[in-house]
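Accompanying notes for the structure given below.
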Amino acid sequence: MKTIDGRAIAAALSGEVSARVAALAAAGRVPVLAVVVPTDDEATAWYVRSIQRTAAKAGITCRVDVLDAPDAAAVNKRLDELSDDPGVHAIVCQTPLPAGLTLAEAGTHIAPGKDVDGANPASLGRLAVGLPAYAPATAAAVLEILRQENVPLAGAEAVVVGRSAVVGKPAALLLVAENATVTICHSRTADLAAVCARADVLVAAVGRAGLIGPEHVRPGAVVIDVGTNPTADGRLVGDVDLRERDHAAAITPVPGGVGPVTTMLLMRHVAEAAGAAVR
Ligand code: NAP
C-alpha cells in the first residue's frame, strides 16, 4: 500500500503559487490575507503559525488579527470591516468561535470574493450549482491529492464520511463535479462499514481516531484521511487505522497528508483572490 506524501504534493504546488504571487507583486499587488483569530486555543494558534509560515514563503502578506475575548458581534464586525477594506484580498476566520456564533453565520460577513476558505454559505451554494467559488481549502485538498495521484473519478464509487459544511459536503460536491458516484455518511448511517466497503475512493472526515478500520476498506481503494485527532501522548492521528497496510491501494498519512496540501491551496486561493479570479 502506498503512503501518499502530502508534503511533496504541497512542495510541488508551492512553485506555481509563488510564481503567481511574484507576478502579482511585480504588478504592484502583493496579496494580503487577513486571519481573524477569535480564540486563544492552542491548536488554532499552531495552525495559524503554519499559515503564516507558508504565506511568508509564498510572498503573501499575512495579517493575523487576534481578538481578545470577543462576542459574536465583535467577530462579525471585524469580518465586515475586512470585507470592506480594499487593502485586504482574502479573509479566513478561525474556530472555535464565541458561544452562539456558527461558522456559517460568521461566514456571511466575509465577502464572497475574499472567502478563500469557503466559509460563506454563498460559496457552498455557488459550488453546488457549478458557479466559480472558493471551496473550503481542506475539501479542495482532497480533490487535489486525488488529481495528483491520477485516481480515476469519473464513474468511481466515492464515499465521504462526514457531512460538515467545511469538509464533508464540499468534498462530496467536488467529487460529484468530477463525475464520481458519491455517498455521504454521518453519525446516523446504518452499517457504516458496509457502505464504506463499496468505495473506490474513501474520504474520512469525522474527527474520531480509528473509526475507519480494515473492514471499512475495499481492497484497492484509495483512502483520504482528513481527520486530525490529538492523542494523550501528544501525537496527531487520523480517523483511519489500517494495520494491515497492504489492504488499500493508497492512503494519506496523518500528519503529512491532507494538512500541508490544505495550507498550500489556501495560498493558491489567496493569489486567485488578489488577482480577482473570482467575483
Ligand atoms: P465536524 O463538523 O465535527 O463533522 C464531523 C462529521 O462526522 C459529522 O458529519 C458527523 O455526523 C460525522 N460523524 C461523527 N461520528 C460519526 C460516526 N461514528 N460515524 C460516521 N460519521 C460520524 O468535523 P469537521 O470540521 O468536518 O472535521 C472533520 C475532521 O477533519 C476533524 O478531525 C478535523 O480536525 C479534521 N480537519 C482537518 C483539516 C486538515 O486540513 N487536515 C481541516 C479541517 C478539518 P453528524 O453530522 O451526524 O453529526
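No lab work stands behind these numbers, since they all come straight from the coordinates. What you are looking at is a predicted structure, and each value in this text was computed from that prediction instead of being measured. Quick reminder, even Gly has a Cβ in these numbers, built from the backbone with ideal geometry, and neighbours come from all protein chains shown.
Laid out as a table, the results:
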read-out	value
Val66 long-range amide H proximity, modeled H, under 5 Å	Val37
Kirkwood-based Rg to Rh ratio, the range 78-151, C-alpha trace	1.03
Packing rank of 66-73, 2-9, where each peptide gets the mean count of other beta carbons within 10 Å, highest leading	2-9, 66-73
14 Å beta-carbon shell around Asn76, net charge (K/R +1, D/E -1)	-4
Angle in degrees between helix 42-58 and the longest Cα principal axis of the chain, rounded to the nearest 10	70 degrees
Charge tally in the Cβ shell below 11 Å around Thr108, where Lys, Arg are +1 and Asp, Glu are -1, Thr108 excluded	-3
Residue-averaged 222 nm ellipticity for the chain, from DSSP H runs of 4+ at -39500 (n - 2.57), nearest 500	-12000 deg cm²/dmol
For the range 1-27 versus the range 77-105, the gap between their alpha-carbon centres in whole angstrom	26 Å
Total formal charge among the other residues, if their Cβ is under 11 angstrom from that of Gly155, Lys/Arg +1 and Asp/Glu -1	-3
Prolate/oblate/rounded label for the range 31-114 (Cα gyration tensor, a/c 1.5)	oblate
Cα shape, the range 137-258, gyration tensor, a/c 1.5 rule	rounded
Farthest positive-ward along the chain dipole, Cα basis, beta-carbon charges - from Val166, Val176, Ser187	Val176
Whole-Hz couplings from phi, Karplus 6.51/-1.76/1.60, listed for the range 230-240; x for Gly and Pro	x, 9, 4, 8, x, 9, 10, 10, x, 8, 9
Segment Asp40-Ala19, length gained on full extension (0.36 nm per residue, minus Cα span)	4.2 nm
Residue-by-residue Karplus 3J(HN,Hα) for the range 97-109, coefficients 6.51, -1.76, 1.60, Hz, glycine and proline x	9, x, 3, x, 10, 8, 5, 4, 5, 4, x, 5, 8
Point-to-point label distance, Asp71-Val176, nm (Cα→Cβ direction, 7 Å offset)	3.9 nm
Percentage relative contact order, the chain, counting C-alpha pairs under 8 Å, at least six apart	22 percent
Asp85-Ala11 FRET efficiency (beta carbon distance; Förster radius 35 Å; 0.05 resolution)	0.65
Over 34 Å [Cα-Cα, the chain], rounded percent	17 percent
